[in-house]
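Visitor: I'd like to ask some things about the structure below.
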There are 2 protein chains.
Amino acid sequence: MSDRNSVAPRAAADVRAYDIETDVLVVGYGCAGSAAAFEAAAGGAQVLVLDRMSGPGGASALSGGEIYLGGGTPIQRACGFDDDPAAMAAFLSAALGPGADPDKITRYCEDSVAHFHWLADRGVPFNPTLWDAPAWVPPTDDGLMWLGENSAPFAELAAPAPRGHRPAAADFGGKLLMDRLAGAARSAGATMLSDTRATCLIVAGDGTVVGAVARRYGAELTVRARRGVVLTTGGFVDNDAMLAAHAPKLLGHTKVSAGTDDGSGIRMAQALGAAVRHMATGQVGISLVPGLAARGMVVNGNGQRFINEDTYPGRIGQAALFRQDMRTWVVLDERAFEEVPEPQRWGVRPTHVAETAEELADLMDLPATALADTIRRYNSFASRGVDPEFGKAPRWLRPLAPPLAAIDVRAGVRPPSESGDRRGTGASVFTLGGLHTSLDGAVLDIDGAPIPGLFAAGRAASNLHGEGYISGTSLGDGTFFGRRAGAAAARTD
Amino acid sequence: MSDRNSVAPRAAADVRAYDIETDVLVVGYGCAGSAAAFEAAAGGAQVLVLDRMSGPGGASALSGGEIYLGGGTPIQRACGFDDDPAAMAAFLSAALGPGADPDKITRYCEDSVAHFHWLADRGVPFNPTLWDAPAWVPPTDDGLMWLGENSAPFAELAAPAPRGHRPAAADFGGKLLMDRLAGAARSAGATMLSDTRATCLIVAGDGTVVGAVARRYGAELTVRARRGVVLTTGGFVDNDAMLAAHAPKLLGHTKVSAGTDDGSGIRMAQALGAAVRHMATGQVGISLVPGLAARGMVVNGNGQRFINEDTYPGRIGQAALFRQDMRTWVVLDERAFEEVPEPQRWGVRPTHVAETAEELADLMDLPATALADTIRRYNSFASRGVDPEFGKAPRWLRPLAPPLAAIDVRAGVRPPSESGDRRGTGASVFTLGGLHTSLDGAVLDIDGAPIPGLFAAGRAASNLHGEGYISGTSLGDGTFFGRRAGAAAARTD
């Protein structure tokens, strides 16, 4: 094709010779690709991993490294928490829905302790200590954190247990995690071709995927995969045309990626008739300090609260973007501000300060009496230690005392886990939708039948997520279903 | 294939003989199919229309019949309104976004007066009189109605003009519209095969669509289409698996369709690698009487207002479903109730009545002081004739006097335009996402290139709509782009 961006499949009959042959070809070397490569190699297959970058990592290496695990892991038990797969599944079904896949959630939760051990056996370290407050990325090396399990509305839906598992790292955990996973894949025998970008799949006359075409330093390479191709190419937040078509609310915000989440794997498979799921959904990292929000109020453009502020901050982000058009402020007082140690505030400062609620609302350009009513009501029930409106836990309820301050989340501070410009729209996003896959990572066509020879995992696939999101479920389902996809590809013959 | 629901394409080489041959095959005989059939026949093509039902109609015939037209139609001018395509496009871009296709909106608006005349020439009558209040379906035969153009936030974005054009009918307009459109197609020479369900497309070796396989009374029929196939099969609200995959928030609500919107055309094209857009989006008919809502307040589960109540009621519906999880009440007083004539209330009655706001909130199981604050603030600014919070127009602002009443929209009354059980979830929905098409209705593949011989229009395609919706844009874009698709198919050779 003359179109450099075309993903139209190449007929195997049109491939005169293959430049490379392998059993299993993995496209993309993030967490899902490395897990798939490891299991495929461990399953006895010859494995080649392509990545368009100069080494493994992808978006996974830039992340905080949290992995959502539970059901009674050693870390949970060491921290004094009982957990079981049913409670974990009940939480994930609610938190990742509507539209979450019940079969995948069940399998993920039932095998979660085993997956913890697999990660630990690959050298991923977790400290048996808990960080006990809402956070994006705790400032400690605690190995366990809450991700909304103990706050409304989930605390009443399922027995709460903290399930955010964090690799013990001096810096952020994603880099460490990827070092260990890529190291494991390498040790198992997987080889890598870097700086190599897959452009389309190669398909036999009977519809079986038998390889991929790639470009490396401007030259075309054809790769034959005798047993299967595993697409672990990431999401599509870097592809604005795809965002416009599927998830327009995500356009214009900071993109959380390594810059290569252009949806190429999703598109290559769709060109063969693959089905996709939940393409409109996304994670929304909102530019607020969870500890400040929990100690204050979060209000919208009408001066109304809209969520319990002690929840997982990504829930606040999704609510802010999808329900409030990002018009979102944290309202707090001096004590709340001072209670959060300065290093954990990432330089966030109030954008507005005033002696009264009405003055504050004026400065914020909000309806004055509405915000004043909200603050008055909040202070009234906070003094009684209850939140009848949004169910914030008593621990975080305290009347706010003047002077009052507000922080416009669009002023632009982002968690330190994200690099780049710290001014923005208040939101940092990535996509959750992707290819429809089986429990074993087989890419399914529009009829729901597997496309022979084609597998996918990670953000190129839609696995655990419906429209909701919880930190740790990306690396979690990427590694979990990546392993299953790699193992299944190795078994193919 | 043994799978009765398979949409996998059939290779032309595997078709021994065709049962029927035509130039243009139109699949689905609703508004888009009839418009396509008319133009294809008028363009000199032999045209066959398949429908799985016993005659033309589809969801179009069950609708209220509104068609969104403007830019200065004779009806608008007779009612004293200036309008121009730019104002119309500015409104639609805002109301149908985010993610609306600017090129399609521009073309639709520029050609809207011509499209009005085309409809009038086909015998669709419009009275030159205006219904001047928010409504789903006015109780009169007025030919023009507002659809949010004159209320916040759109009134300030674009010069307001009413653009909802209504066929003059004793009953609802959709039936009349379809009678005229199907009659026009028939007169132009299109023939119909009823009780015939297309099951898959027939594809030549070079990827050109050359026909379709269908089933009629249990027997398979093969249809050759020398110039092209036009898919006008409707949306997918009747396909729960597709809703779960793409639009899970629409699951469980009343489906607005003729029962045949199972996404078959979308799936048949996707199986060839066609692209889709905006599959998560839907229209939400909320079970409220617009005249009552406009005269009162609409509140959510926290006793907060969340939208100006004088807007197009479908905007209230989308906000209620996508942002408030359908926890929605109309709060009003006796005068507001009595001001809406009984026949226009469709039997709606208050679900709760109380002397004070606090008592009302208790009955509604809402936070008492929150609702009381909302009502107190509303009454305060309504007495001054302004709505600083949501911008409702002064015409609809008046303090509410006790006794106060609330109507839970989930109590289940639906507009009289919809048949069936009148108890429900408070929402009646249909899907807006579909196949990615060109301005001429060509179905585009994942690369954005036309699939030769394949066209689509109506709710099987994604045309004007991003994530927003306005009444009349379904019949509007169905007929407008249906015509273009039919004409383009007839030109193909």
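The values are calculated or read from the model by the stated rules, or taken from the named source; none is laboratory data. As the structure is a computational prediction, the values presented were derived from the model and not from experiment. Neighbour counts run over all protein chains shown; Cβ positions are idealised from the backbone, glycine included.
Visitor: Would you be able to tell me the number of residues in segment A:163-179 that are in a strand (DSSP E or B) and out of contact with any helix residue (DSSP H, G or I) (no Cβ under 9 Å at 6 or more places or on another chain)? Talk me through it step by step, then tell me what you get.
Guide: The first filter runs over segment A:163-179 and keeps only residues in a strand (DSSP E or B), leaving A:164-165, A:167.
Restricting the remaining residues to those that are out of contact with any helix residue (DSSP H, G or I) (no Cβ under 9 Å at 6 or more places or on another chain) gives A:164.
Adding up the residues that qualify gives 1.
Visitor: Checking A:Gly301 against (1) surrounded by fewer than 24 Cβ atoms within 10 Å (Cβ to Cβ); (2) of a type in the set (Gly, Ala, Ser); (3) within 14 Å of chain B (Cβ to nearest Cβ); (4) under 25 Å from A:Leu464 (Cα atoms): exactly one of these is not met. Which one?
Guide: (4)
Visitor: Same structure again: Which condition number does A:Pro74 fail, the rest of (1) within 14 Å of chain B (Cβ to nearest Cβ); (2) in contact (Cβ under 8 Å) with a residue 12 or more places away in the chain being met?
Guide: (1)
Visitor: May I ask you to list pairs of residues, at least six apart or on different chains, whose Cβ atoms are under 9 Å apart, with the first in segment A:240-251 being among the aromatic types (Phe, Trp, Tyr) and the second being buried (at least 20 other Cβ atoms within 10 Å of the Cβ)?
Guide: Between residues of segment A:240-251 that are among the aromatic types (Phe, Trp, Tyr) and residues that are buried (at least 20 other Cβ atoms within 10 Å of the Cβ), there is no close pair.
Visitor: Taking the condition of being away from chain B (no Cβ under 14 Å), over 17 Å from the mean Cα position of the chain (by Cα) and of a type in the set (Gly, Ala, Ser), how many residues in segment A:216-273 meet it?
Guide: Qualifying residue count, segment A:216-273: 4.
Visitor: Report yes if some residue within segment A:88-102 is touching a Cys at 6+ places or on another chain (Cβ under 6 Å) and not acidic (Asp, Glu); otherwise report no.
Guide: Filtering segment A:88-102 down to residues touching a Cys at 6+ places or on another chain (Cβ under 6 Å) leaves A:88-89.
With not acidic (Asp, Glu) added as a condition, the list becomes A:88-89.
Scanning segment A:88-102 turns up at least one residue that is touching a Cys at 6+ places or on another chain (Cβ under 6 Å) and not acidic (Asp, Glu).
Visitor: While we're looking at this one, here's another question. When you check B:Phe455 against the structure, is it more than 28 Å from B:Phe154 (Cβ to Cβ), buried (at least 24 other Cβ atoms within 10 Å of the Cβ) and not polar (S, T, N, Q), yes or no?
Guide: Details: more than 28 Å from B:Phe154 (Cβ to Cβ): yes; buried (at least 24 other Cβ atoms within 10 Å of the Cβ): yes; not polar (S, T, N, Q): yes.
For B:Phe455, the condition - more than 28 Å from B:Phe154 (Cβ to Cβ), buried (at least 24 other Cβ atoms within 10 Å of the Cβ) and not polar (S, T, N, Q) - is met.
Visitor: Has segment B:123-134 got at least one residue that is assigned by the TED database to the domain that holds B:Cys79, touching a residue at least 60 places away in the same chain (Cβ under 8 Å), of a type in the set (A, V, I, L, M, F, W, C) and more than 25 Å from B:Gly183 (Cβ to Cβ)? Even if it seems obvious, please write down each step before you answer.
Guide: Taking segment B:123-134 first, the residues assigned by the TED database to the domain that holds B:Cys79 are B:123-134.
Next, from what is left, pick out any that are touching a residue at least 60 places away in the same chain (Cβ under 8 Å): B:123, B:133-134.
Now restrict to residues that are of a type in the set (A, V, I, L, M, F, W, C): B:133.
Filter once more, keeping what is more than 25 Å from B:Gly183 (Cβ to Cβ): B:133.
Checking segment B:123-134: at least one residue is assigned by the TED database to the domain that holds B:Cys79, touching a residue at least 60 places away in the same chain (Cβ under 8 Å), of a type in the set (A, V, I, L, M, F, W, C) and more than 25 Å from B:Gly183 (Cβ to Cβ).
Visitor: Taking the criterion of being in contact (Cβ under 8 Å) with a residue 12 or more places away in the chain, assigned to a loop (DSSP other than H, G, I, E, B) and within 20 Å of A:Ala361 (Cβ to Cβ), would at least one residue in segment A:263-272 satisfy it?
Guide: no
Visitor: Which residue is nearest to A:Phe430 (Cα to Cα), if the candidates are limited to segment A:1-15 and must be modelled with pLDDT of 95 or more and not in a strand (DSSP E or B)? Step through it out loud before you land on a result.
Guide: Of the residues in segment A:1-15, the ones modelled with pLDDT of 95 or more are A:7-15.
Restricting the remaining residues to those that are not in a strand (DSSP E or B) gives A:7-9, A:12-15.
Numbers: A:Val7: 22, A:Ala8: 25, A:Pro9: 27, A:Ala12: 34, A:Ala13: 38, A:Asp14: 37, A:Val15: 36 Å.
Taking the candidates together, the pick is A:Val7.
Visitor: Tell me, which residue of segment B:115-131 that is assigned to a helix (DSSP H, G or I) and either touching a strand residue (DSSP E or B) at 6+ places or on another chain (Cβ under 8 Å) or closer than 21 Å to B:Ala159 by Cβ (or both) is nearest to the other protein chains (Cβ to nearest Cβ)? Spell out the reasoning first.
Guide: So in segment B:115-131, the residues assigned to a helix (DSSP H, G or I) come out as B:115-121.
Add one more test, that the residue is either touching a strand residue (DSSP E or B) at 6+ places or on another chain (Cβ under 8 Å) or closer than 21 Å to B:Ala159 by Cβ (or both), and what stays is B:115-116, B:119-120.
Numbers: B:His115: 25, B:Phe116: 29, B:Leu119: 30, B:Ala120: 35 Å.
Among those that are assigned to a helix (DSSP H, G or I) and either touching a strand residue (DSSP E or B) at 6+ places or on another chain (Cβ under 8 Å) or closer than 21 Å to B:Ala159 by Cβ (or both), it is B:His115.
Visitor: Please state which one of A:Val229, A:Val298, A:Val213, A:Val223 is part of a strand (DSSP E or B) and closer than 24 Å to A:Val348 by Cβ.
Guide: A:Val298
Visitor: Mind checking which strands (runs of 3 or more DSSP E) fall wholly inside segment B:434-490 and carry at least 2 residues that are of a type outside the set (A, V, I, L, M, F, W, C)?
Guide: On the way: elements: B:434-436, B:442-444, B:450-456.
The qualifying strands (runs of 3 or more DSSP E) are B:434-436, B:450-456.
Visitor: Here is a follow-up. Considering every residue within segment A:175-185, establish whether at least one is under 30 Å from A:Phe306 (Cα atoms) and in contact with a Ser or Thr (Cβ under 7 Å, 6 or more places away or on another chain).
Guide: No, the conditions are met nowhere in segment A:175-185.
Visitor: Six or more apart or on different chains, Cβ atoms under 6 Å: show the pairs whose first residue is in segment A:432-447 and away from every other protein chain (no Cβ under 14 Å) and whose second is assigned to a strand (DSSP E or B) and surrounded by fewer than 21 Cβ atoms within 10 Å (Cβ to Cβ).
Guide: Pairs found: A:Ala442/A:Pro450.
Visitor: I'd like to know if segment B:149-169 contains one or more residues that are without any contact (Cβ under 8 Å) to a residue 40 or more places away in the chain and among the basic types (Lys, Arg).
Guide: No: segment B:149-169 contains no residue that is without any contact (Cβ under 8 Å) to a residue 40 or more places away in the chain and among the basic types (Lys, Arg).
Visitor: While we're on this one: Please find, within segment B:13-42, the residue that is farthest from B:Gly65 (Cα to Cα) out of those that are more than 14 Å from chain A (Cβ to nearest Cβ) and surrounded by fewer than 19 Cβ atoms within 10 Å (Cβ to Cβ). Talk me through it step by step, then tell me what you get.
Guide: Within segment B:13-42, the first condition is being more than 14 Å from chain A (Cβ to nearest Cβ), and the residues that meet it are B:15-42.
Of the ones still in play, those that are also surrounded by fewer than 19 Cβ atoms within 10 Å (Cβ to Cβ) are B:15-21.
Values: B:Val15: 41, B:Arg16: 43, B:Ala17: 41, B:Tyr18: 37, B:Asp19: 36, B:Ile20: 33, B:Glu21: 33 Å.
The qualifying residue farthest from B:Gly65 (Cα to Cα) is B:Arg16.
Visitor: Can you name the residue in segment A:87-102 that is among the small types (Gly, Ala, Ser), facing chain B (nearest Cβ under 10 Å) and crowded, with 19+ Cβ neighbours inside 10 Å and, of all such residues, is nearest to A:His465 (Cα to Cα)? I'd like the intermediate steps shown before the answer.
Guide: Restricting attention to segment A:87-102, the residues satisfying the condition of being among the small types (Gly, Ala, Ser) are A:87, A:89-90, A:93-95, A:97, A:99-100.
From what is left, the residues that are facing chain B (nearest Cβ under 10 Å) are A:97, A:99-100.
From the residues that got through so far, the ones that are crowded, with 19+ Cβ neighbours inside 10 Å too are A:99-100.
Numbers: A:Gly99: 7, A:Ala100: 5 Å.
For segment A:87-102, the residue satisfying everything is A:Ala100.
Visitor: Which of the following residues is assigned by the TED database to the domain that holds B:Phe455 and of a type in the set (Gly, Ala, Ser): B:Ala275, B:Ala382, B:Ala368, B:Ala354?
Guide: On the way: B:Ala382 fails: assigned by the TED database to the domain that holds B:Phe455; B:Ala368 fails: assigned by the TED database to the domain that holds B:Phe455; B:Ala354 fails: assigned by the TED database to the domain that holds B:Phe455.
Among B:Ala275, B:Ala382, B:Ala368, B:Ala354, only B:Ala275 is assigned by the TED database to the domain that holds B:Phe455 and of a type in the set (Gly, Ala, Ser).
Visitor: Continuing with this model, one more query. Any residue in segment B:241-249 that is over 27 Å from B:Gly99 (Cβ atoms) and either hydrophobic (A, V, I, L, M, F, W, C) or assigned by the TED database to the domain that holds B:Trp136 (or both)? Lay out the reasoning, then the answer.
Guide: We begin by selecting, within segment B:241-249, every residue over 27 Å from B:Gly99 (Cβ atoms); these are none.
Scanning segment B:241-249, I find no residue that is over 27 Å from B:Gly99 (Cβ atoms) and either hydrophobic (A, V, I, L, M, F, W, C) or assigned by the TED database to the domain that holds B:Trp136 (or both), so the answer is no.
Visitor: Could you tell me which residue of segment B:398-415 is farthest from the other protein chains (Cβ to nearest Cβ), considering only residues that are of a type outside the set (Lys, Arg), under 19 Å from B:Glu338 (Cβ atoms) and surrounded by 15 or more Cβ atoms within 10 Å (Cβ to Cβ)? Give the derivation first.
Guide: Quick first cut of segment B:398-415, residues of a type outside the set (Lys, Arg) only: B:399-409, B:411-413, B:415.
Among the residues that remain, those that are also under 19 Å from B:Glu338 (Cβ atoms) are: B:399-407, B:413.
Of the ones still in play, those that are also surrounded by 15 or more Cβ atoms within 10 Å (Cβ to Cβ) are B:400, B:402, B:404-407, B:413.
Working: B:Leu400: 17, B:Pro402: 20, B:Leu404: 18, B:Ala405: 23, B:Ala406: 18, B:Ile407: 22, B:Val413: 25 Å.
Ranking the candidates gives B:Val413 first.
Visitor: Of all residues in segment B:180-203, how many are in a helix (DSSP H, G or I) and touching a residue at least 12 places away in the same chain (Cβ under 8 Å)? Reasoning before the result, please.
Guide: Step one: filter segment B:180-203 for residues in a helix (DSSP H, G or I), giving B:180-187.
After this cut, where a residue has to be touching a residue at least 12 places away in the same chain (Cβ under 8 Å) as well, the list is B:180-185.
Selection size over segment B:180-203: 6.
Visitor: Another question, if that's okay. I'd like the residue in segment A:448-457 that is within 25 Å of the chain's Cα centre (by Cα) and among the aliphatic types (A, V, I, L, M) and, out of all such residues, is farthest from the other protein chains (Cβ to nearest Cβ).
Guide: Filtering segment A:448-457 for residues that are within 25 Å of the chain's Cα centre (by Cα) and among the aliphatic types (A, V, I, L, M), the one farthest from the other protein chains (Cβ to nearest Cβ) comes out as A:Ala457.
Visitor: Can I ask one more? Filter the helices (runs of 4 or more DSSP H) completely within segment B:18-96 down to those with at least 2 residues that are more than 25 Å from B:Gly174 (Cβ to Cβ). Before you say what the answer is, go through the steps one by one.
Guide: Numbers: elements: B:31-42, B:58-61, B:74-78, B:85-95.
The qualifying helices (runs of 4 or more DSSP H) are B:85-95.
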